[in-house]
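Okay, so here's the structure we're looking at.
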Amino acid sequence: MLFVGVRMLQNATICSIDIAAPVERVFAFITRAANWPSWAIMPCNAVQALPEGCWLLDSLGGTDRLAIVAKANGQGAAFTLTMRDDQWSFDCQLWPNRGTTTLRLTFSKPAHCDEACFEDYTEIARNRLHRLKTLIEGAGSS
């Protein structure tokens, strides 16, 4: 059974999931922007690398810009997604947990998003984290 824990805070959501893979493999997968179309919280169709280490994402609403900053300890990353009308920031933490990796993703509610909109994004996040878990665990069995 797949389970994504969700905790709603005022103006933020925390989603967490356990992935049956080492922290290093999860970290490598989530910080490679080319993997984003297969799992990203904000669905996108294609990515294009930019010289300064950022990425352009082709999403449903147009072109967005993604910056990924890996944390110094290799145990997480900060993602900044700049969209046409607003900026989303995602903080990702990873830690080993009894043979698995716990991934915790925290994202803040953009100013343009009301509560119903943010709850919809939370549901999308839950579904996409299930997808991420499946992709990483499936890659380890091949």
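The values are calculated or read from the model by the stated rules, or taken from the named source; none is laboratory data. Being a predicted model, the structure only gives us computed values, none of them experimental. We place every Cβ from the backbone using ideal geometry, glycine too, and count neighbours over all the protein chains shown.
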Options 17, 41: the member that is modelled with pLDDT of 85 or more and not charged (D, E, K, R) | 17
Contact list, first residue from segment 57-81 and more than 18 Å from residue 101 (Cβ to Cβ) and assigned to a strand (DSSP E or B), second anywhere and modelled with pLDDT under 75 and among the charged types (D, E, K, R), beta-carbon distance below 6 Å, six or more apart or interchain, is 62/84
Search segment 83-142 for residues being over 15 Å from the mean Cα position of the chain (by Cα), assigned to a helix (DSSP H, G or I) and small (Gly, Ala, Ser), and hand back the single one that is modelled with the lowest pLDDT.
-> 140
Give segment 63-82 a look and list any residue that's at pLDDT 80 or above and out of contact with any Ser or Thr (no Cβ under 8 Å at 6 or more places or on another chain), or say none.
-> 63
Out of all the residues in segment 97-116, which are surrounded by 12 or more Cβ atoms within 10 Å (Cβ to Cβ) and of a type outside the set (Ser, Thr, Tyr)?
-> 97, 103, 104, 105, 107, 109, 110, 113
